[in-house]
Amino acid sequence: KEGYHLSRFMMNQVTKVFKNLFLKLDVSNIGGPLMIIATTAKSFEHGTSIFLLFLSFISINLALLNLIPLPVFDGGGLLFATIEALIRRPLSETFKERIYRACWFVLLALMIFLVFKDTIYIFCS
């Protein structure tokens with residue numbers, strides 16, 4: 001029962017961060033791959049229960065991230081399938097390819113920014 005409530009709490013927190021990221025373009029509460037590695041190492045130093053709690057938080061993050069309706073995630077596949085069902089015809093491959101490329105570009109730019117931000121935070125603080 002406690003695990004269920006903790007999972008719901010973590011999902012709500014992750015959802016708030018995603019909302020701020022996409023609606024307010026607020027990246028103050030997110031970290032990239034370097035921050036994840038550093039935080040994983042720190043959580044391991046604090047004991048097994050903290051480490052496992054952090055791993056569950058990462059899993060919830062990845063699950064919710066994968067549902068975002070961008071074509072590079074599973075949510076994007078659902079979005080394209082829904083649009084095609086509504087218009088009753090497949091979208092053109094050219095259109096889908098342009099959307100995929102734009103999303104990959106935005107995602108890559110976000111990852112580069114986060115690695116840069118993580119590097120500054122880890123090595124300069």
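The values are calculated or read from the model by the stated rules, or taken from the named source; none is laboratory data. On a predicted model such as this, the values are computed, not experimentally measured, just so you know. Methodologically, a virtual Cβ is constructed for each residue, glycine included, from the backbone with ideal geometry; neighbour enumeration extends over all protein chains shown. Surface accessibility is based on the protein's heavy atoms, side chains included, excluding ligands, DNA and RNA. Shrake-Rupley method; radii C 1.70, N 1.55, O 1.52, S 1.80 Å.
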What's the total number of residues in region 66-84 that are assigned to a helix (DSSP H, G or I) and among the aromatic types (Phe, Trp, Tyr)? 1
When residues of region 1-37 are limited to those that are open to solvent by less than 50 Å² (accessible area, probe 1.4 Å) and among the polar types (S, T, N, Q), the one farthest from LEU64 (Cα to Cα): ASN20
Quick count over region 66-125, residues being within 15 Å of GLY32 (Cβ to Cβ) and of a type in the set (Asp, Glu), is 1
Taking only region 85-116 into account, find how many residues are assigned to a helix (DSSP H, G or I) and open to solvent by 60 Å² or more (accessible area, probe 1.4 Å). 18
Output the residue which, of all residues in region 12-59 that are in a loop (DSSP other than H, G, I, E, B) and modelled with pLDDT of 90 or more, is farthest from ILE112 (Cα to Cα). GLY47
From the list THR82, THR40, THR119, exactly one residue is surrounded by 13 or more Cβ atoms within 10 Å (Cβ to Cβ) and more than 25 Å from LEU6 (Cα to Cα). Which is it? THR119
For region 43-54, which positions are small (Gly, Ala, Ser) and open to solvent by less than 70 Å² (accessible area, probe 1.4 Å)? SER43, GLY47
Within region 55-79, of all residues that are open to solvent by 50 Å² or more (accessible area, probe 1.4 Å) and small (Gly, Ala, Ser), the one nearest to LYS19 (Cα to Cα) is ALA63
